[in-house]
1. Would you grab the residues whose amide H sits under 5 Å from the one on Ser68? Only those 5+ places off in sequence or on another chain, please, with H modelled 1.01 Å from N.
2. Where in the range 347-435 are there trypsin sites (Lys or Arg not before Pro) that are in a DSSP coil and have at most 13 other Cβ atoms within 10 angstrom of their Cβ?
3. Dipole of the chain (Lys/Arg Cβ +1, Asp/Glu Cβ -1, origin at the Cα centre): which of Thr56, Tyr278, Leu567 lies farthest to the positive side?
4. Please work out whether the range 399-533 counts as rounded, prolate or oblate from its C-alpha gyration tensor, where a ≥ b ≥ c are the square roots of the eigenvalues and a/c under 1.5 means rounded, while otherwise a/b larger than b/c means prolate and anything else oblate?
5. Using modelled backbone amide H atoms (1.01 Å from N, in-plane), which distant-in-sequence or interchain residues come within less than 5 Å of Tyr336's amide H?
6. Could you work out the local net charge near Glu184, counting Lys and Arg as +1, Asp and Glu as -1, over the other residues with Cβ closer than 13 Å to its Cβ?
7. Could you tally the net charge around Ala216, taking each other residue with its Cβ under 12 Å from the Cβ of Ala216, Lys/Arg +1 and Asp/Glu -1?
8. What whole-number value in Å² describes the accessible area per residue of the chain for a 1.4 Å probe?
Amino acid sequence: MSRTKTSLLAALALLSGTSAAALVSAPAGAVTAAAPCTVDYKVQNQWDTGFTTAVTITNNGPAKSGWSLTWSYAGNQRIGNGWNAKVSQSGSSVTAANESYNGTLPTGGSASFGFQASYSGSNAVPATFTLDGMACNVAGGPTDPGPTDPGPTDPGPGGPKAANPYVGAKVYVNPEWSAKAVAEPGGSRISNQPTAVWLDRIAAIGGVNGGMGLRAHLDEALKQKGSGELVVQLVIYDLPGRDCAALASNGELGPNDLDKYKSQYIDPITSILSDAKYAGLRIATVIEPDSLPNLVTNAGGTNTTTDACVTMKSNGNYEKGVSYALDKLGALANVYNYIDAGHHGWLGWDSNLGPSVQEFYKVATTNGASVGDVAGFIVNTANYSPVKEPNFKVTDMVNGQTIRQAKWIDWNQYVDEQSFALGLRDKLVAAGFDSGLGMLIDTSRNGWGGSARPTGPGPTTSVDSYVNGGRIDLRLHAGNWCNQSGAGIGQRPTAAPATGVDAYVWVKPPGESDGNSAAVPNDEGKGFDRMCDPTYGGNARNGNNPTGALPNAPLAGHWFPAQFEQLMQNAYPPLS
C-alpha cells in the first residue's frame with residue numbers, strides 16, 4: 001500500500017465538510033498499563049457514503065519485527081485504499097499488516113496507518129482489536145481468537161469470489177456504445193452485445209464532454225443486473241508514458257508522472273469501486289494494455305527498440321504503476337484483475353514468452369502486489385489475431401518442412417490466440433501464479449469473414465503457399481494493428497468457451513478507431529502514428545510491410561463508421 005496521500009485527505013475533508021477536530025475514537029476507558037497493546041482508531045472525515053481513518057498501534061509487550069492487526073465491523077463498512085499498511089478485508093473481518101518500512105515495533109513503540117472506506121447506515125467504531133493474537137485495550141491481554149472468520153471464500157456483500165466471474169453472469173452493455181451502434185445501418189444486430197468501458201484518462205472517471213463517468217456506468221450496471229450476477233468490464237489505461245512503442249495511443253501523463261497516476265487516477269477509481277452500493281457487481285479490469293509487453297520487446301537490444309520504451313524500463317514506472325493498480329484494485333473483494341499479455345504475433349516466440357512470464361511475475365509480486373491480486377490475463381486486446389486458425393496447425397509439415405519457417409509464421413511457436421493463451425497460462429502457473437488462473441481473449445475484431453475468407457488449406461507447393469492460402473488472418477503482417485482493412489467481428493462474447501479460458505470478450509468496442517490516419521490536433525495526448533497511415537511502407541515491427549490501415553480514420557477511441565460497417569460485413573460467424 002502507498003504512503004499517505006495528503007492531497008486526497010484534504011479533498012475528502014472538503015467533501016465531508018468536517019474538520020480535524022471532529023474525531024471519533026475507540027473508547028479508552030478499559031485501557032490500562034497492563035494491556036499488551038493499545039489501538040487508537042479515529043474516524044477523521046465522514047460523509048454520507050464513506051469515511052477516512054487514522055489508526056495508531058502502540059506495542060506494550062516484547063519488541064516485534066512484524067505485526068498484524070485484526071478487527072471486525074458490525075455494519076457494512078468496506079475498505080477501499082489504504083496507506084502505511086497492507087489492509088485487506090474478508091466479509092466483516094479486516095486485517096492490517098505492516099509494510100516493509102514500519103514492521104519494527106519496539107516495546108513502547110507505535111505505528112500509524114490509515115485507509116478510506118465506504119458504508120451506509122451507521123458507522124460504529126469496532127469493539128475489539130487483536131494484535132498478533134493478543135487483545136488490545138484490555139488489561140492483561142488474554143489470548144483472543146480474533147474476529148469471527150466467515151471463511152476464506154466470503155468477500156462480504158458481493159458473495160464468494162467466483163472461480164470464473166463470467167460464469168452464470170450477464171455482462172454490462174455500455175449504453176453509449178450501444179446507441180452509436182444502433183444508429184448505424186444494421187447496427188441493431190450487435191448493439192446489445194457487452195463491451196468494455198475504457199478509462200483512458202483522468203477525466204473519463206468523472207465523464208468527458210457530458211458523457212457517462214465511472215459512477216454513471218456502475219449505476220446503470222445495477223439496473224441491468226436485476227436479481228442475478230453481472231460483470232462490468234473496465235480498461236485501466238493511463239500509465240505514465242503510455243504505449244511507448246506507438247504514438248496513436250499515447251496518453252496524458254508524462255514518463256515520470258507516477259504519483260499523479262496513483263493519486264489522481266488509480267486511487268479515485270478504487271474509491272468509487274469500493275462504494276458498498278456496488279459490492280454486488282463483479283468488476284473485471286483489464287490492466288494497462290501494451291505496457292509490460294513493450295518492456296520485453298521494445299526496451300533495448302533489438303531493432304524494435306524505442307527511446308520512450310527504454311525510458312520506461314529505466315525509470316520502472318510501468319512496473320510500479322501496474323503493481324500499484326493490482327494491489328489497490330485487487331484488495332476489493334468483487335474486483336477481478338486481468339493483466340494484458342499482448343498477442344501471439346508479439347510474444348509467441350520462446351525468446352519473448354519466457355522473459356514475458358518473468359516480467360509478469362515480477363510485477364505481480366513487488367511494490368505491494370501479490371499473485372492473489374491477479375485473476376488472470378488477457379490476450380489480443382484491441383487486436384486482430386484469430387482465436388483459431390482452422391486450416392493449419394503450427395505442427396504441420398509441407399514437403400518435409402515445418403510450416404514454422406513460412407514467412408507469415410516466422411518461427412513463432414503459435415499461429416492463433418487460443419493456443420497462445422493456453423500455452424502462456426501453463427507457463428504462468430509453472431512460474432508461481434494460481435492454478436485457477438483464467439484467460440480472456442478479445443474477439444471484437446478477429447472474425448475475418450466475408451468472401452475473402454479461405455475455406456480450406458492452401459496448396460502444398462511450399463510452406464508459404466500452404467500458410468498464405470489457408471490463413472484466415474488476412475493482414476499483410478501479424479504486426480499490423482491499426483484499423484485493419486478486411487477485418488470482421490469475431491466470436492460473440494461467451495463465458496467459459498474452453499478449459500482455462502474465462503471468456504471471449506469484446507474489450508475494444510467495434511467501431512472505435514485505433515488511431516488517426518493523418519495528423520489531428522487534439523487535447524488527449526494522442527499523436528500521429530504512421531502505422532495508421534495507409535500510405536506508409538512500414539517499419540521493423542511489421543517487417544517493413546504496408547500497414548493495411550483504413551483511410552480517413554479519426555483519433556483513437558473516436559467513432560469510425562466506415563470501420564464499423566466493414567466489421568459487420570466481414571463478421572464471422574456472420575451476423576443474422
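The values are calculated or read from the model by the stated rules, or taken from the named source; none is laboratory data. None of these values were measured; they are calculated from a predicted model. Here the Cβ positions follow ideal geometry from the backbone for every residue, glycine too, while neighbour counts run over all protein chains shown. Heavy atoms of the whole protein, side chains included, go into the accessibility calculation; ligands, DNA and RNA do not. Shrake-Rupley method; radii C 1.70, N 1.55, O 1.52, S 1.80 Å.
1. For Ser68, the qualifying residues are Asp132.
2. When the trypsin sites (Lys or Arg not before Pro) of the range 347-435 are filtered for loop state and at most 13 Cβ neighbours within 10 Å, Lys393, Lys407 remain.
3. After comparing all options, I get Tyr278.
4. Working: a/c = 1.69, a/b = 1.09, b/c = 1.55.
It comes out oblate by the Cα gyration axes.
5. Distant-sequence amide H within range of Tyr336: Ile283, Ala284, Thr285.
6. Working: positive: Lys180, Arg189; negative: Glu512, Glu565.
After counting each charged neighbour, the total is 0.
7. On the way: positive: Arg215, Lys223; negative: Glu176, Asp219, Glu220.
In short, -1.
8. Ligands and nucleic acids excluded, the figure is 38 Å² per residue.
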